[in-house]
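See structure below.
The values are calculated or read from the model by the stated rules, or taken from the named source; none is laboratory data. As the structure is a prediction and not an experimental result, all values here were calculated from the model. No Cβ is skipped: glycine too gets one built from the backbone with ideal geometry, and neighbour counts run over all protein chains shown.
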Amino acid sequence: MSFAVFLLYVFLSFFRPIELFAPEMAEYRPMLVLWTLGFVLAASRAIVRKEIAARGIDFKLLFAFMVMLGVSLALNGWAGGAFTAMNDFTTSSMLFVLVALNVTSLRRLKLACAAVVLSMLVAALFGIQAYHTGQFAQQLVLRQTAPQHEDEDPSRAPPSAASEIPALDQTGWYLWRVRGQGFLNDPNDFSQVLVMCLPLLFVLWRQRAWLRNTLLIVAPGAVMLYAIVLSQSRGALLGVASLLFFIVRDWLGTTRTAVLGGLAGVAFLGASAVGGRGFSSQEQSAGERIEAWAVGLELLKWRPIWGAGYGNFTDHHHLTAHNSFVLCFAELGLVGYFLWIGMIVLTFKSLSAAVETLPARSPHRQMVVLLRNSLVGFLVCAWFLSRTYQPVLYFLLALCVSAWWCASHAPGMTDKESPKYEKIHTIPWVRSTFIIMFLTIVAIRGFVFSHQLGRGG
């Protein structure tokens, strides 16, 4: 019962039919009611069975990070905003806890991944049909002024059939971007989750089952990729490219893959130059992003320990950071950055330890590999998007932690006398966290310096 409620909650969290078909019900907070029911049932089960698919350190980092959101505001002179900041993070933390309580076996892990994939597939299909037919276009397609017309008078825009059907717009005046609902109502968030889901499709892969693989993997993957294209999120496209790189590398080797990737990059640049959301976009241009990153570095210098305060980046710059890493160290300082990076590093190293320890054909290992790929794709997107606090990241981290937990309890992994036990359970992460913190800040500084040098500044 508890797991069925959990799956329903997951499905409805990503595809939000209530917002589409019964928005008047939103005032009754049905998702909160469903989460509460799911939490009570799952917690009762966990207490009885003494099974929680997460370690103490996972919860400590998560809740320390949550507290740091409030502390960052309090130390910047707004103690009253501390509770609000932590309350803003409750959806993210609740998703993490709910996954840890429910996903305690390989079967449950696969079903949880399937629920996310199915939900996003349905959302992608609705978004595509909204773009091409106009049905639900107001909710599922975001209309923005095209970059070349941003400084012009909107009243000069010519009449367009796109007022009803976005796909029919031939004026070039508007930019139409497919999106989801709820916390995925931003096209960037929507496409980022689609990138996360692409590797998870391969949970259904079967050797030599071509028809099955085409119907259950290739076709849904094509739908998701098309929805990503319609979202016009360049960060998501780079996330897809990173996934393709790792997949193709296994086939061709690193050198050939790098050459192929270079050629693909040239083609992508050429395509972006002739239409769509080109790199000349004012808001999203590389120059604008790097200027925002420069502001983030200045804020880190100004408040190195606790940052400028949660949600305060836009008080110092007219745009958001356009980088989850920059946003984190700018608003939360080195303390918050350590906690955030620590969660990611610990999770990634746990997955890598499981990959290195488990047999090659182990189903647990296959799940770990797929979720690790999802995490990589998600983080590549996060390098270009300000999504430090968004729920999906913590949902994905929880799935990854659950995958590690299931792997550590797989056959042959529970013998405490075995060297495999120590390898999969002993995860040194603190030193690696400091190294990643240093490297990411240096990388950001390098981008900013090269940009300033290029401008002669």
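Annotations for the structure displayed:
- Per this entry, T314 is counted among residues that are at pLDDT below 95, in a helix (DSSP H, G or I) and of a type in the set (V, I, T).
- F14 being aromatic (F, W, Y), surrounded by 21 or more Cβ atoms within 10 Å (Cβ to Cβ), over 21 Å from A115 (Cα atoms) and in contact (Cβ under 8 Å) with a residue 60 or more places away in the chain: no
- Residue in segment 137-146 that is in contact (Cβ under 8 Å) with a residue 12 or more places away in the chain, farther than 22 Å from A114 by Cα, part of a helix (DSSP H, G or I) and of a type in the set (A, V, I, L, M) present: yes
- Checking each residue in segment 123-155 for being in contact with a helix residue (DSSP H, G or I) (Cβ under 6 Å, 6 or more places away or on another chain) and on the phi > 0 side of the Ramachandran plot picks out only F136.
- Qualifying residue in segment 328-341 (condition: of a type in the set (D, E), more than 19 Å from L111 (Cα to Cα) and surrounded by fewer than 24 Cβ atoms within 10 Å (Cβ to Cβ)): no
- Every condition in (1) closer than 26 Å to L184 by Cα; (2) touching a Phe, Trp or Tyr at 6+ places or on another chain (Cβ under 7 Å) holds for V71 except the one numbered (1).
- In segment 67-94, the residue that is nearest to L327 (Cα to Cα) out of those that are of a type in the set (A, V, I, L, M) and either buried (at least 21 other Cβ atoms within 10 Å of the Cβ) or touching a residue at least 40 places away in the same chain (Cβ under 8 Å) (or both) is L69.
- Some residue of segment 397-408 being of a type in the set (F, W, Y), surrounded by fewer than 19 Cβ atoms within 10 Å (Cβ to Cβ) and either in contact with a Phe, Trp or Tyr (Cβ under 6 Å, 6 or more places away or on another chain) or without any contact (Cβ under 8 Å) to a residue 60 or more places away in the chain (or both): no
- Filtering segment 92-136 to residues that are in contact with a Leu (Cβ under 7 Å, 6 or more places away or on another chain), farther than 25 Å from T36 by Cβ and part of a helix (DSSP H, G or I) leaves V117, A124, F126, G127, I128, A130, Y131.
One line per residue, one yes/no per condition, for (1) within 19 Å of Y131 (Cβ to Cβ); (2) without any contact (Cβ under 8 Å) to a residue 60 or more places away in the chain; (3) part of a helix (DSSP H, G or I):
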position	(1), (2), (3)
P158	no, yes, no
A167	yes, yes, yes
G172	yes, yes, no
L175	yes, no, no
Q192	yes, no, yes
V195	yes, no, yes
L198	no, no, yes
V203	no, no, yes
Q207	no, yes, no
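- Helices (runs of 4 or more DSSP H) enclosed by segment 338-434 - at least 2 residues per element that are farther than 18 Å from A100 by Cβ and of a type in the set (V, I, T): 363-382
- Segment 190-208, residues that are crowded, with 24+ Cβ neighbours inside 10 Å and aromatic (F, W, Y): F190
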